[in-house]
Amino acid sequence: MASYSQAVLDEIRTAVDVVDLVSRFVNLRKAGQNWKGLCPFHMEKTPSFMVNPKKGIFHCFGCGVGGDAFGFLMRQDKLSFPEAVRALAKQAGVALPEERGSAGERGREELLRTMELAWRFYVDKLWKPEGEQARQYLAQRGIDPEVARRFGLGLAPEGWEGLQSFMRSEKVTDDALVAAGLAIPREGRASVYDRFRGRLLFAIRDLQGRVVAFGGRAFGDEQPKYLNSPETSLYVKGNLLYAADLARPAIQAKNRALLVEGYVDCLMAHQHGFTETVAALGTAFTPAQLGLLKRYCDDAILFFDADAAGSRAAERAEELLEPTGSSMAWAVNRTGALESSGALRLRVALLPAGHDPDTFLRTSGAAAFEERIGAARSLLSYALDRAIADPEGATGPRARTSAFARAALMLAKVGDAQEAAQLSREAAQKLGVDATQLWIEAQRLQTALRRPVTTHPSTPATTPPSVERDLVVLLLNSTEAREVLLPMIVEAEDLAHAPFRTIVAALRLRPSVPAESLMTDLATDEARGVLAALLVEERAEVDVRVSIEQFRRRLERSQRLRRAREVSQSIADVQAKTGAAAPPLHEELRMLHQETAVVYEITGGVAQSLEPRTPGSEGAETHE
């Protein structure tokens, strides 16, 4: 891992608004000194994810994850620590010193640089005289030049070595071009040739806006019509969505995503104001892509040609209906209403036969497109239609009974309770049966279908002693407490909870820094999560000096008890070796016991509590 000075990390951390950063991925609401939302790292129905803007940290009280801006971006976008640092430094305008990372990190950075150089080369070709044919093609397709520039469209010129020649001038090796998917090795020869030639290029970016692949569109009847980058260490097509980096703010704002199949469909939707649109990358939409969208919205709308909509939607829906653990539990909230499982709700908007979003928008306009979106049906309703219809066209009581059973089984696989309830009403109406009966049967089947969760034996989580928690909180919030108490603490003796020991050890190394600055010093997720939890909780005001004095006396007593044990052991050792008593040691032991008793009587064995208090709570406090 590349290393950065704490001064640089603190400068970046201070410059980044953690609420603004997290809000790009999570809908946050103000909650006292903190902001609260649904955790992006685990499925939950009640918000337990907290962000503290003053300290620049986040913590989820549901799954225990916590950290600072670096940690959040690493988890959210699957970045290494150096990548997260560089991304946030760029955002904050902080210059980073040159560093040498590991070989793996350097290789990844080299590939990213190669892709960035290639993209600039292709963009430059599009807007120069040699790009006239490509620009005419864009005009014929109705793509505005401003949209083409915003999406970073480019042109791969004709010829076998156009990109390769440019890259040599930039000191990029042939091996790097092959590794990035930009060149192909010649058979039987130690040379390569350009993968993309004579094509309009669509830049594919990751969520950080970095170019990781290209999609190439032929201008005429050349085959293949579309040529995409192969998968590389930077690019796995089933994990990304085209234009997700551009569409993310609109998806969050509108709480919906529009999913189209083609690059031009996506561009045309953005051009007509539907900036929440993304496209698949040459594949059917994958669970990973849908999971990506679920981070930012609750609804996604797919578009199908009316002629093929029924069969295609039903097939797609059935792929998504396999029950998986927690998604197989419908819940009812306190008001008696069904709770959402947090699953992404998929709907299908129908377009006239022979149309795709590109052609429909150009011929009918944005208002008509919005109408189609408004009339979208649940994707699962198409699967329900197929379940109800008898495969052999049979009618009568027996056929209706079979249809009832098939519909109940399908409903039992629907993860979202609200959607399942709506679908059950539709099915009951079509079957001419009581909706309650169908719902009860679906619940029965759901219980039978629910997959048992595999558990692994583990030691029960222990609650850390409250006195240890209070001591660590005091140290985190008071530099005066650190000066007085840190020299007295013996982590192995005074702190039984491992994360507390880790935090105190980090404080001992850097006793003058703000507590949130310790995040990058802690080696384990557990310790970072505990630190975040301690910092994000809103606590009652306490008298710091009183607390320091109480803990000082408590630690003095601990020191004397440790010394007493040492002296007792020394007495035993002397007697075992010589058979004689050791009067000086006996006298020291007697004095230690007396001093310890005095300190214990003064403190009462209880330090002032720093635990969060609830109104009306009562408890003894010791004040001097």
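Amide H to amide H, with H built 1.01 Å from N, R347 comes under 5 Å of A300, I301, L302, L379, counting only residues 5 or more places away or on other chains. In a DSSP loop and with at most 10 other Cβ atoms within 10 Å, the GluC sites (Glu not before Pro) in the stretch 363-440 are E392.
Place the peptides 122-135, 234-247 in order of packing, highest mean first, counting for every residue the other Cβ atoms within 10 Å and averaging per peptide. The partial results should precede the final answer.
Details: 122-135: 17.1, 234-247: 20.9.
With the highest mean Cβ count within 10 Å placed first, the list reads 234-247, 122-135.
Remark: the stretch 480-492, residue by residue, has Karplus-estimated 3J(HN,Hα) of 5, 5, 4, 4, 7, 9, 4, x, 8, 7, 10, 3, 5 Hz, where x stands for each Gly or Pro and the curve is 6.51 cos²θ - 1.76 cosθ + 1.60 at θ = phi - 60°. Here the scattering of the stretch 1-113 is modelled by Debye summation over its C-alpha atoms, one equal scatterer each and no solvent; at q = 0.11, 0.12, 0.17 Å⁻¹ the log10 of I(q)/I(0) is -0.39, -0.45, -0.83.
Once the chain from L486 to W127 is taken as fully extended at 0.36 nm per residue, the excess over their C-alpha distance is 122.8 nm.
The mean sequence distance of close C-alpha pairs (under 8 Å, at least 6 residues apart), as a share of the length of the stretch 478-559, puts its relative contact order at 43 percent. A simple packing score, the average count of other Cβ atoms within 10 Å per residue, orders the peptides 262-270, 154-162, 438-446 as 262-270, 154-162, 438-446, with the highest score first. The GluC sites (Glu not before Pro) of the stretch 456-554 meeting both criteria, a DSSP state outside H, G, I, E and B (loop) and at most 15 other C-beta atoms within 10 angstrom of the site's C-beta, are E538, E541.
Net length available on complete extension from A405 to D299 is 35.3 nm, with 0.36 nm assigned per residue and the Cα-Cα distance removed. Please express the Cα-Cα pair-distance distribution P(r) of the stretch 48-190 as a list of whole percents, one per 5 Å bin, running from 0 to the bin with the greatest distance. Spelled out per bin, shortest first, that is 2, 8, 12, 14, 13, 13, 12, 11, 8, 5, 3, 1, 0. With both labels modelled 7 Å from their Cα along Cα-to-Cβ, the A389 to K430 distance reads 0.9 nm. Peptides 168-177, 349-358 ordered by packing proxy, namely the average of other Cβ atoms within 10 Å per residue, highest first: 349-358, 168-177. Taking each of K36/K430; K36/K78; K55/K90; K45/K254; K90/K237 in turn, the alpha-carbon distance tops 31 angstrom for K36/K430.
Every number in this text was worked out from the coordinates using simple rules, so none of it is lab data. In this text, all values refer to a predicted model and were calculated from it rather than measured experimentally. Quick reminder, even Gly has a Cβ in these numbers, built from the backbone with ideal geometry, and neighbours come from all protein chains shown.
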